[in-house]
1. Got at least one residue in region 47-55 being assigned to a loop (DSSP other than H, G, I, E, B) and crowded, with 22+ Cβ neighbours inside 10 Å?
2. Taking residue 36 as the residue in question, decide whether it is at pLDDT 95 or above and in a strand (DSSP E or B).
3. When you look at residue 108, is it surrounded by fewer than 21 Cβ atoms within 10 Å (Cβ to Cβ) and at pLDDT 95 or above, yes or no?
4. For region 124-134, which residues satisfy the criterion of being surrounded by fewer than 18 Cβ atoms within 10 Å (Cβ to Cβ) and either aromatic (Phe, Trp, Tyr) or free of Cβ contacts under 8 Å to residues at least 24 places away in the same chain (or both)?
5. Kindly list, by first and then second residue, each pair from a residue in region 1-23 that is closer than 16 Å to residue 45 by Cβ and of a type outside the set (A, V, I, L, M) to a residue that is modelled with pLDDT under 95 and assigned to a helix (DSSP H, G or I), limited to pairs with Cβ atoms under 7 Å and residues at least 6 apart or on different chains.
6. Would you please list the contacts, defined by Cβ atoms under 7 Å and residues six or more apart or on different chains, that run from a residue in region 71-95 that is in contact (Cβ under 8 Å) with a residue 12 or more places away in the chain and under 16 Å from residue 16 (Cβ atoms) to a residue that is in a helix (DSSP H, G or I) and of a type in the set (Val, Ile, Thr)?
7. Report, by residue number, each residue of region 84-96 that is at pLDDT 95 or above, farther than 22 Å from residue 145 by Cβ and surrounded by 19 or more Cβ atoms within 10 Å (Cβ to Cβ).
8. Against the definition (touching a Cys at 6+ places or on another chain (Cβ under 6 Å) and either free of Cβ contacts under 8 Å to residues at least 40 places away in the same chain or farther than 17 Å from residue 181 by Cβ (or both)), how does residue 114 come out, yes or no?
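The values are calculated or read from the model by the stated rules, or taken from the named source; none is laboratory data. Here the structure is a predicted model, which means the values were calculated and not measured. Cβ sites come from the backbone with ideal geometry, for glycine too, and all protein chains shown count toward neighbours.
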Amino acid sequence: MPRYTTILSLRFPLVSKEDALAIAHALIAARRPSAIYTPNAEIAMRAARSPAFLDTLNRADLLLPDGIGISLAAKRQGVTLPRLPGIDFAEALLATAPRPYRLFLLGARPGIAVTAGRMLSRRYPHITICGCQDGYYAPDMAHAVATAIRAAEPDLLFVCLGSPRQEEWIAVHRPPCLAIGLGGAFDVWSGAVRRAPRAVQSAGMEWLWRTLRQPSRLSRLPALAAFSARVLLSPRAERVENCQKER
C-alpha cells in the first residue's frame, strides 16, 4: 500500500509515474468504476472551500499533482511529489497499454472530441475510439449520455468538462471503467490550443504561458495567489503529513 501526503486536505499518493501507470492499468483490468483526478493549485483551493468537492476528489482511486504549486507545497514540507500533468499521464497510459483499449472521449466544444480522437487513433493505432460526445449537451441529456457511454463498453473514459464539473460527473455517473478528468486535453490534441514549449513545461511555468496566450484565464490568478499565501508563503502553512489512505 503506498504512503500518502496531505496538502490542503487532499491526499496524494507518493508514487512514481511508473507506479501510477501500473495502478491505472490494474484499474482498467479490474473492469469496475474507478477514477483518477489531477488537481492543481486552483482545484485544491476550490476543494478547500467545498467539503463536498473535497470528498469527491479524495474518493478517487488516484490523485496526481497536475500543477507546479502542488509539487512546491510538498517540497516545502520535505516530501517529493513530482508534477505529473494529466495530459502527459493520459498519453503515457495509451502508449503503454498492454492490450487494445477501447477509449471514449467526453467533453469540449462540438467537434473537438472527434478531432482529438482522430489524432489519438493515428498516434496510438492499437487504441480503438469507441465513441465521442461533446460537453455542450442539455442538462436533461446527462443520463442519456451516461447510458450511451456504458453501451459503448469502453475500457477507458477521458472526461474534459472542466473542473469541478468533470469530477462531479464521474462521481455521479460512475461509468464501469477507468475515468480520468483531463480539463483541456482535447483542445490540445485537436490542435485548437497549442501547449507551451517543452522548456516552459519543464520550468513549471506552463500556467503562465497559457495565461499570457488566453487572457480569460486571468480570473484564475486569485486562486493561485490564495494557494501561495496559504501553503507556500505563510509561516503557518498547513503541515504535509504522511498517512495511510482510508477506504
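1. If we filter region 47-55 for residues that are assigned to a loop (DSSP other than H, G, I, E, B), which is where we start, we get 50.
Remaining after also requiring crowded, with 22+ Cβ neighbours inside 10 Å: none.
No - not one qualifying residue is present in region 47-55.
2. Values: at pLDDT 95 or above: yes; in a strand (DSSP E or B): yes.
Answer is yes for this residue.
3. Working: surrounded by fewer than 21 Cβ atoms within 10 Å (Cβ to Cβ): no; at pLDDT 95 or above: yes.
Considered against the rule, which asks whether it is surrounded by fewer than 21 Cβ atoms within 10 Å (Cβ to Cβ) and at pLDDT 95 or above, residue 108 comes out as no.
4. First, the residues of region 124-134 that are surrounded by fewer than 18 Cβ atoms within 10 Å (Cβ to Cβ): 125-126, 128.
Correct list: 125 only.
5. 9/48
6. Note: pairs meeting the criteria are 81/70; 83/68.
7. Keep residues of region 84-96 that are at pLDDT 95 or above, which gives 86-96.
Adding the requirement that they be farther than 22 Å from residue 145 by Cβ leaves 87-89, 91-96.
Of everything in region 84-96, those that are at pLDDT 95 or above, farther than 22 Å from residue 145 by Cβ and surrounded by 19 or more Cβ atoms within 10 Å (Cβ to Cβ) turn out to be 87, 89, 93.
8. Values: touching a Cys at 6+ places or on another chain (Cβ under 6 Å): yes; either free of Cβ contacts under 8 Å to residues at least 40 places away in the same chain or farther than 17 Å from residue 181 by Cβ (or both): yes.
So residue 114 fits the description; yes.
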